[in-house]
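Student: Below: one structure in structure tokens.
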Amino acid sequence: MNRPHVLVVGEALIDVVEEPTGLQRLHPGGSPANVALGLARLGHPVELVTHIGSDPHGRLIEEHLRRSGVRLAPGSVADGPTSTATATLDGQGGATYRFAINWDPPAVHGPGGPGHLHTGSIATALEPGCARVEDMVAAARANRTVSYDPNLRPALLGPPGYERPSVERLVASADVVKASEEDLAWLHPGEDPADVAARWARSGPAMVVLTRGGQGSTVHWGPAGRRDLPARRVEVADTIGAGDAFMAGLLAGLLTAGLLGSNPSTLRAAMSGTELDPAVAAALDLAALTAAITCSRPGADPPLLAEVLAA
């Protein structure tokens, strides 16, 4: 099967995980890099446009991605330190973060022809690279579908009112959007995240998926389409990378169904009815399963295709 090339644009970094016991663990991470890794492990050809240093942390990330088949775009390795995110875990495996980030990616539009572009998180919010990312999204729309996950990091951002226009500009430019309840509660304080997601679905995307942690997810489409979907039950090691694994599983399912690539009208046709398209429902189930497996083990460690099939 000739699968569309996926171009992922965004940060790769080292997660420094601080356990409640005081123990530290190092894991390659970064939301877009995790999505790239998850897609590659699920059998899709992926190139990552990123910015990492030529230091030991950068080499750890390079090897981690290479082993799973992710190709780094030329210019993604530069002099200087690799970004880090220090995650402090609570007793339930939840994480809070503090960041040391450098984001100045190369301008890469990827090969022509059918394909898909994914971006999000710090890459779409932090100067000097965020303007370059918006340019890549605008260029991609000529021959690619686009997905976006805001995955907001308030510690690196201005007030919600300052960030809202750029986030919602990217939402309107995307075909597939995934956001968490935490994202939307921060971005639109005082509003129900489900109402925000439904409004976003009317602003341009073919579909908007709202993730609700252990409560599952809700997909919104068109003027009023909505379906609630359950989470997969699992014993949680931690939640690091769970949202990214969900995004990777969702994109993998949509790509396999032929709903992403050079013709955005294919996905939009599938989302034009009042009932959820079965192929989209299957992609959302794959997303939930991929996220659940990732939560069952430490760090952002999404499953291989064989593990998903076995589950």
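Every number in this text was worked out from the coordinates using simple rules, so none of it is lab data. This structure is a prediction, so every number in the text was calculated from the model and none was measured. Every residue, glycine as well, gets a Cβ built from its backbone with ideal geometry; the counts of neighbours run over all protein chains shown.
Student: Rounded to the nearest 5, what is the percent of antiparallel bridges among the DSSP beta bridges in the chain?
Tutor: Of those bridges, close to 40 percent are antiparallel.
Student: Within a 10 angstrom radius of the beta carbon, how do F99, F246 rank from fewest other beta carbons to most?
Tutor: Fewest-to-most Cβ neighbours within 10 Å comes out as F99, F246.
Student: What is the fewest-to-most order of Y148, Y162, Y97 by other Cβ atoms lying within 10 Å of their Cβ?
Tutor: Neighbour counts put them in this order, fewest first: Y162, Y97, Y148.
Student: Sort 171-182, 207-218 by packing, meaning the average of other beta carbons within 10 Å per residue, with the highest value first.
Tutor: Most protected by this proxy first, the peptides run 171-182, 207-218.
Student: About its Cα centre, how strong a charge dipole does the range 5-310 have in debye, to the nearest 20, once Lys and Arg get +1 and Asp and Glu get -1 at the Cβ?
Tutor: Using only the charged Cβ atoms, the result is roughly 660 debye.
Student: Same structure again: Along the Cα→Cβ direction, 7 angstrom out, place labels at R141 and S296. What is the inter-label distance in nm?
Tutor: According to this spin-label approximation, the distance is 4.1 nm.
Student: Continuing with the same structure: Calculate, for S265 and V236, the FRET efficiency according to 1/(1 + (r/R0)^6) with r their C-beta to C-beta distance and R0 35 Å; round to the nearest 0.05.
Tutor: With a Förster radius of 35 Å, E is 0.35.
Student: Give a residue-ordered list of calculated ³J(HN,Hα) values for the range 198-208 (Karplus: 6.51 cos²θ - 1.76 cosθ + 1.60, θ = phi - 60°; whole Hz; x for Gly, Pro).
Tutor: Result, ordered by residue: 5, 5, 4, 5, 8, 9, x, x, 6, 7, 10 Hz.
Student: At a Förster radius of 30 Å, what calculated FRET efficiency corresponds to the Cβ-Cβ distance of Y97 and D195, to the nearest 0.05?
Tutor: After rounding to 0.05, the efficiency reads 0.65.
Student: Report the charge-dipole magnitude of the range 164-311 in Debye, nearest 20, computed about the Cα centre from +1 at each Lys and Arg Cβ and -1 at each Asp and Glu Cβ.
Tutor: The dipole magnitude comes to about 320 debye.
Student: From Cα pairs below 8 angstrom and at least 6 apart in sequence, can you work out the relative contact order of the range 129-258, rounded to a whole percent?
Tutor: Relative contact order for the range 129-258 comes out at 17 percent.
Student: Based on the alpha-carbon set only, what is the convex hull volume of the chain divided per residue, in Å³?
Tutor: 121
Student: Over the Cα atoms of the range 3-128, what radius of gyration and what Dmax do you get, in Å?
Tutor: Over the range 3-128's Cα set, Rg and Dmax evaluate to 14.7, 50 Å.
Student: Relative to a virtual label point 7 Å from the Cα of R226 in the Cα→beta-carbon direction, which members of the range 167-195 show backbone nitrogen distances below 15 Å?
Tutor: Counting only backbone N, you get 181, 191-195.
Student: Now for a different question. Under 5 Å between amide hydrogens, which residues at least 5 positions from L72 or on another chain qualify, with H placed 1.01 Å from N in the peptide plane?
Tutor: When sequence neighbours closer than 5 places are left aside, the close amide H contacts are L48.
Student: How long, wide and thick is the range 183-252, going by the Cα atoms along their three principal axes, in whole angstroms, largest first?
Tutor: 37, 29, 17
Student: What FRET efficiency comes out for A311 versus Q215 if R0 is 22 angstrom and r is the Cβ-Cβ distance? Round to the nearest 0.05.
Tutor: The calculated FRET efficiency here is 0.60.
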